[in-house]
Amino acid sequence: MRAGIPRGRFFAMNLARFRDAGIGGIVLGVAIIFWLLNPLFMRPENLFAILLSVGIIVVLAVGQMFVIISRQIDLSIGSTLGVAAMVTAMVGRDFPNVPTIFLVIVAVGVGALLGAFNGFLVVGAKIPAIIATLGTLAIYRGLVFIVSDNIQVNPSEIPTGVTALARVSTVGIPPIVLIGVMVVLAGWYFTRRTMTGLRLYAVGSNPEAAIARGLSPLRFQFWVFVAMGALAGLGGLLYIARFSTVNPADVGAGFELQVISAVVIGGTNIFGGSGSVVGVLMGVFLVGILANGLTVIGVSGFWQSAAYGAIIIIAVVVDTLVRRQMSSGGSKGKGKHNG
Amino acid sequence: MVDSKVSTLASAGKALGPFVPALVVFLVAMVWGTLASPFFFDIPILLLHSGRYMEIGLLALAMTLVIIHGDIDLSVASNLAFSAATLGLVYESGASIGAASVVAIAVGTSLGLVNGLLVIVVGLPSLVVTLGTLALYRGLSQIALGDQAVTGYPETFVGADQNLVFGLIPLPLTIFLIMAALIGFLAHRTTFGFVSLMLGKNQVATMFSGMQPKMNRLIAFALSGTMAGFAAVLITARLGSTRSNLALGFELLVVTVVVLGGTDIFGGKGTIAGTVLALFAVIAVREALAIQNVNGQIQDAVIGLILLLTIAIPVAVSRLWGRAKLSRRKALLGLEKGIKQ
């Protein structure tokens, strides 16, 4: 597998791995600071809560990483999650006896459908992804209202099979976390061990060259949006399991910011062509620990948004400076884009 | 003779082309609103209602410049919220409302400048920077105000937006039109605007031609912040209170207005006149929906749908047009083949 990768890229991959370790160090450092400030942070119940929120965000973040590697972006994921969660919760409410696996299929299917529409807008209608998904962010949010008729689904109406996903199972780990782990492993295997995964990087880092090699960037971009939608749908199911309530006004709102923060912190290049699942996992942990830790040490929730913003900017500044260092160190720099 | 006529028609079509989507949306919404309710077509009322969209209008004017450069500023709404928060806090600390407004505009400008410096000096993509500052500035305004609201503004200030200029045009609309004239002059009648367009079209060539594109882009970002500051003053006068969730989600509306006005999202093309027209189109749509008691989220969804259609339809039409041309050419070729045989 490595034979086909030129030395410069190989060096860059090693550096990327070093970078992942760096973020891992920051995550540990932040966790230790929170622990020192308030020992309650390390209590099993709290770590459990962090794992649950990380389990949901990571499912979306892996999808967003694929999208960004292919040079696109999906801002509509929060609303996609919202529609999938709402539809699934309503099916669960109206047909309490359907097996849980059927609800999983509904959630993933609805998500994939909305993702395919995004893909169609970007690939078929040639609308730039930022604009297309900014539009569907609002459209899908409206869809949540239309589908639900502005009525929330209450905890008592959610099938117990779904809420069980957020409880400790016989294995000792809640299924949400297991699903997150499975998505991470699958994402890692796909990007590092399959031909299609390598081609995704090829299409993202140099579409012209990829076309010359007989690959179709458009086809990759379409399927990447479908995959993102399906994962957002899965995230919707996990959302129901975790929160037990689906309120049309706020289901999934603001998820895009957490997820894009995590993906960018994880070292995914916003211009496409590079990114690693391990880095993204670290980014998700940083976002999850920060959200939880700030509350635990008694800093008001009002600081959360500012913290995300500051971290996104710091991460991109550091990343850009490191990349520039790398490109001046001999290997070829990436083309700079305007905007 | 015929040829020249066709070419003048074609060039006129090209010049007016960018205005067509906004004009169509405007007319359709006006007709639809008038059919839906007998109370809709009341020009003084519509003008008065337009006041609440002028914050979006001010942001869209500067955003047009930013997008012409090939950049984007997603942080405008958060910038507005933080500028409004400083206005409130400075006023609460005992300053006059005039001084507080000046501070708010200065703060808005500096936040815009921070965006610009990060994009231009550090060389970061504006999409990511302003996505970061979207969260950061909103967060700062939440930290500054918490869940409190600043109220108790002087009576001469609150409701100042209801004043009519010449007994007809509401004050916010007047401010917007003056700003539109100023920024329009800057964009279309000065070297600055020329460099902006060139820069959006081809950054590398512009730099080789010895212009100063960096300064240009920086000014556009700063101006975007200045407009957020002005909009903060306007919204405070209109609502009479300041909360940290002011203008939440305005960035979608602002970008929609700019794109609907015929500005190319990739830069290099765009007019202030188009943005002004598009603002009135969006106002017409929202008012037509509001008079039928359509829920706010659905209104946003309709605006989102219009955004997508205004980009997708021209692409689809030009593609169909291209295909029709191709098939005609093929038919001609087939005819020639037939003759040869």
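For this structure, a couple of remarks:
- So A:Val184, is it under 19 Å from the mean Cα position of the chain (by Cα), at pLDDT 95 or above, surrounded by 13 or more Cβ atoms within 10 Å (Cβ to Cβ) and farther than 30 Å from A:Ala212 by Cα: yes
- For A:Phe120, the criteria (1) farther than 23 Å from A:Ala249 by Cα; (2) free of Cβ contacts under 8 Å to residues at least 24 places away in the same chain hold in every case but one, which is (2).
- Across region B:130-170, the number of residues qualifying as in contact with a helix residue (DSSP H, G or I) (Cβ under 7 Å, 6 or more places away or on another chain), over 21 Å from B:Thr86 (Cβ atoms) and either buried (at least 18 other Cβ atoms within 10 Å of the Cβ) or among the acidic types (Asp, Glu) (or both) comes to 2.
- Residue identified as surrounded by fewer than 17 Cβ atoms within 10 Å (Cβ to Cβ), farther than 18 Å from A:Leu238 by Cα and within 14 Å of chain B (Cβ to nearest Cβ) among A:Ile127, A:Ile146, A:Ile131: A:Ile146
Table: residues versus (1) farther than 18 Å from A:Phe66 by Cα; (2) crowded, with 19+ Cβ neighbours inside 10 Å; (3) touching a residue at least 24 places away in the same chain (Cβ under 8 Å).
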| residue | (1), (2), (3) |
| --- | --- |
| A:Ile176 | yes, yes, yes |
| A:Gly180 | no, yes, yes |
| A:Thr191 | no, yes, yes |
| A:Met195 | no, no, no |
| A:Gly204 | no, yes, yes |
| A:Ala209 | yes, no, no |
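- Hits in region A:200-258 (condition: under 16 Å from A:Thr133 (Cβ atoms), in a helix (DSSP H, G or I) and of a type in the set (A, V, I, L, M)): A:Val224, A:Val226, A:Ala227, A:Met228, A:Ala230, A:Leu231, A:Ala232, A:Leu257
- So B:Tyr153, is it within 14 Å of another protein chain (Cβ to nearest Cβ) and either within 30 Å of B:Leu46 (Cβ to Cβ) or aromatic (Phe, Trp, Tyr) (or both): no
- Residue in region B:279-312 that is farthest from the other protein chains (Cβ to nearest Cβ), counting only those that are farther than 15 Å from B:Met30 by Cα and not in a helix (DSSP H, G or I): B:Asn293
- Within region B:113-150, being within 17 Å of B:Val90 (Cα to Cα), more than 8 Å from chain A (Cβ to nearest Cβ) and not in a helix (DSSP H, G or I) holds for B:Gln148, B:Ala149, B:Val150.
- When region B:177-223 is limited to residues that are hydroxyl-bearing (Ser, Thr, Tyr) and not in a helix (DSSP H, G or I), the one that is farthest from B:Ala62 (Cα to Cα) turns out to be B:Ser209.
- Unmet criterion (only one of (1) in a loop (DSSP other than H, G, I, E, B); (2) within 11 Å of chain A (Cβ to nearest Cβ)) for B:Gly270: (2)
Residues checked against (1) more than 20 Å from A:Leu75 (Cβ to Cβ); (2) of a type in the set (Gly, Ala, Ser):
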residue: A:Trp223; (1), (2): no, no
residue: A:Gly254; (1), (2): no, yes
residue: A:Ser274; (1), (2): yes, yes
residue: A:Val299; (1), (2): yes, no
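- Any hit, region A:158-165, residues being out of contact with any His (no Cβ under 8 Å at 6 or more places or on another chain), surrounded by fewer than 14 Cβ atoms within 10 Å (Cβ to Cβ) and closer than 30 Å to A:Asp94 by Cα: yes
- Scan region A:259-276 for residues that are more than 11 Å from chain B (Cβ to nearest Cβ) and either within 17 Å of A:Gly309 (Cα to Cα) or not in a loop (DSSP other than H, G, I, E, B) (or both) and the total you get is 4.
- Of all residues in region A:305-339, exactly one satisfies the criterion of being modelled with pLDDT under 70 and under 22 Å from B:Leu136 (Cβ atoms), namely A:Gly339.
- Where B:Tyr53 falls short, out of the listed (1) buried (at least 24 other Cβ atoms within 10 Å of the Cβ); (2) within 14 Å of the chain's Cα centre (by Cα); (3) not polar (S, T, N, Q): (1)
- Residue that is more than 10 Å from chain A (Cβ to nearest Cβ), of a type in the set (Ser, Thr, Tyr) and not in a helix (DSSP H, G or I), where the choices are B:Thr226, B:Thr263, B:Thr236, B:Thr275: B:Thr263
- Once region A:115-158 is narrowed to residues that are polar (S, T, N, Q) and touching a Phe, Trp or Tyr at 6+ places or on another chain (Cβ under 8 Å), the residue that is nearest to A:Trp223 (Cα to Cα) is A:Asn118.
- Qualifying residue in region B:273-281 (condition: surrounded by fewer than 21 Cβ atoms within 10 Å (Cβ to Cβ), more than 15 Å from B:Leu58 (Cβ to Cβ) and not basic (Lys, Arg)): yes
- Candidates B:Gly51, B:Gly70, B:Gly57: the one that is modelled with pLDDT of 90 or more and touching a helix residue (DSSP H, G or I) at 6+ places or on another chain (Cβ under 9 Å) is B:Gly57.
- Only one of the listed residues (A:Val98, A:Val58, A:Val122) is away from every other protein chain (no Cβ under 12 Å), more than 23 Å from A:Asn150 (Cα to Cα) and crowded, with 24+ Cβ neighbours inside 10 Å. That residue is A:Val58.
- Entry remark, region B:119-139: residues being touching a Gly at 6+ places or on another chain (Cβ under 9 Å) and either modelled with pLDDT of 95 or more or not aliphatic (A, V, I, L, M) (or both) number 7 in total.
The values are calculated or read from the model by the stated rules, or taken from the named source; none is laboratory data. No experiment lies behind these values; they were computed from the predicted model shown. Cβ sites come from the backbone with ideal geometry, for glycine too, and all protein chains shown count toward neighbours.
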